[in-house]
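What follows is one structure encoded as structure tokens, with my remarks underneath.
The values are calculated or read from the model by the stated rules, or taken from the named source; none is laboratory data. It should be emphasised that the depicted structure is a prediction, and the values quoted were computed from it without experimental measurement. Neighbour counts are summed over all protein chains in view; Cβ atoms, including those assigned to glycine, are modelled from backbone coordinates with ideal geometry.
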Amino acid sequence: MPISDRQPKYKRILLKLSGEALVGTEEFGIDPKVLDRMALEIGQLVGIGVQVGIVIGGGNLFRGASLHEAGMDRVTGDHMGMLATVMNALAMRDALERSNIKSSVMSAIPMSGIVEHYDRRLAQRYLTNGDVIIFSAGTGNPFFTTDSAACLRGIEIEADLVLKATKVDGVYTADPVQNPDAIKYDTLTYDEILTRKLGVMDLTAICLVRDHLMPVRVFDMNKSGALLNIVVGGNEGTLICGVNND
Ligand SMILES: Nc1ncnc2c1ncn2[C@@H]1O[C@H](COP(=O)(O)OP(=O)(O)OP(=O)(O)O)[C@@H](O)[C@H]1O
Ligand SMILES: O=c1ccn([C@@H]2O[C@H](COP(=O)(O)O)[C@@H](O)[C@H]2O)c(=O)[nH]1
């Protein structure tokens with residue numbers, strides 16, 4: 001049976017897209033080809049009845065910590081980082097709409113006239129109607145990341161799974177970009193991530209999902225078909241959850 005005819009395992013998901021991965025083959029900013037491919041893959045999920053919330057990072061444009069290292073006030077840098085995620089969200093909505101996928105952007109920071117202010121109950125209603133919701137501006141607070149925002153929104157909207165789409169194909173014993181000999185895990189518990197100090201997601205995000213027993217799957221956003229495969233129950237990347245039976 002083709003995957004697209006299979007029943008989804010998850011009814012509602014929160015997809016975290018790495019900002020840095022949006023650069024694709026460009027030198028800076030956003031590669032429209034990456035957005036179009038993501039829109040196509042998200043459309044496949046919507047097509048089989050999955051409700052999709054999205055959080056996009058801003059690492060392709062600005063990160064507060066990097067701006068601070070270059071001399072800027074940290075909070076100002078974080079505000080710039082959060083605004084960067086709104087720009088990415090607008091670009092993602094544009095790609096979704098060009099693919100005829102109904103979508104809205106909500107921002108944790110009020111931005112009247114550009115996007116809607118984040119409202120959980122409204123977001124739940126949109127999701128139930130089958131609209132894709134892009135949650136932008138992170139948590140709205142400095143000193144956080146969009147990984148924490150993704151876990152927070154995932155818990156708030158009562159998603160069945162948080163999916164972290166990134167440039168690596170799972171969680172490794174060490175950063176695989178720096179350590180080619182690192183070994184990939186199939187499953188990890190929240191506590192294993194914390195005690196082994198595995199850097200794929202920030203610790204605030206891991207503590208949040210641990211406290212709410214929200215499963216997280218880390219996978220390669222450049223692997224075509226991986227997203228759909230996960231949603232129908234396939235085994236891609238690394239699953240982070242409360243129990244490790246490996
Ligand atoms: N143990 C590890 N296993 C896997 N990846 C790791 C590990 N430690 C560090 N990393 C790095 O974590 C990165 C996660 O990247 P990602 O681009 O998703 O970051 P982000 O900060 O969440 O998003 P953004 O790009 O929007 O800032 C991977 O690219 C990988 O290089
Ligand atoms: O809740 C949040 C989320 C993000 N930020 C700032 O935005 C940038 C971009 O987010 P990434 O997760 O790194 O992609 C981040 O570096 C922070 O500076 C924030 O302040 N609060």
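Residue by residue, here is whether (1) touching a strand residue (DSSP E or B) at 6+ places or on another chain (Cβ under 8 Å); (2) at pLDDT below 95 holds:
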{"site": "TYR10", "(1), (2)": "yes, no"}
{"site": "PHE28", "(1), (2)": "no, yes"}
{"site": "ARG37", "(1), (2)": "no, no"}
{"site": "VAL55", "(1), (2)": "yes, no"}
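Return yes or no: is VAL46 surrounded by 18 or more Cβ atoms within 10 Å (Cβ to Cβ), within 19 Å of ALA165 (Cβ to Cβ) and away from ligand 1 (no atom under 16 Å from the Cβ)?
Working: surrounded by 18 or more Cβ atoms within 10 Å (Cβ to Cβ): yes; within 19 Å of ALA165 (Cβ to Cβ): yes; away from ligand 1 (no atom under 16 Å from the Cβ): yes.
Spelling it out, VAL46 is indeed surrounded by 18 or more Cβ atoms within 10 Å (Cβ to Cβ), within 19 Å of ALA165 (Cβ to Cβ) and away from ligand 1 (no atom under 16 Å from the Cβ).
Can you run down the residue pairs with Cβ atoms below 7 Å, 6 or more apart or on separate chains, where the first is in the stretch 90-111 and within 19 Å of GLY140 (Cα to Cα) and the partner is among the β-branched types (Val, Ile, Thr) and part of a loop (DSSP other than H, G, I, E, B)?
VAL105/VAL115; MET106/VAL115; SER107/VAL115; ALA108/THR139
What are the residues in the stretch 99-140 that are assigned to a strand (DSSP E or B), surrounded by 20 or more Cβ atoms within 10 Å (Cβ to Cβ) and not hydrophobic (A, V, I, L, M, F, W, C), if any?
Listed by number, the residues that qualify are SER103, SER107, SER136.
Per-residue answers, yes or no, for (1) under 15 Å from the mean Cα position of the chain (by Cα); (2) modelled with pLDDT under 95; (3) more than 16 Å from ligand 2 (Cβ to nearest atom):
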{"site": "GLU192", "(1), (2), (3)": "no, no, yes"}
{"site": "GLY199", "(1), (2), (3)": "no, yes, no"}
{"site": "LEU203", "(1), (2), (3)": "no, yes, no"}
{"site": "CYS207", "(1), (2), (3)": "no, no, no"}
{"site": "VAL216", "(1), (2), (3)": "yes, no, no"}
{"site": "MET221", "(1), (2), (3)": "yes, yes, no"}
{"site": "SER224", "(1), (2), (3)": "no, yes, yes"}
{"site": "VAL232", "(1), (2), (3)": "no, no, yes"}
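When PHE143 is evaluated against the numbered criteria (1) outside any strand (DSSP E or B); (2) of a type in the set (Phe, Trp, Tyr); (3) under 16 Å from VAL55 (Cα atoms), which criterion, by number, is the only one it fails?
(3)
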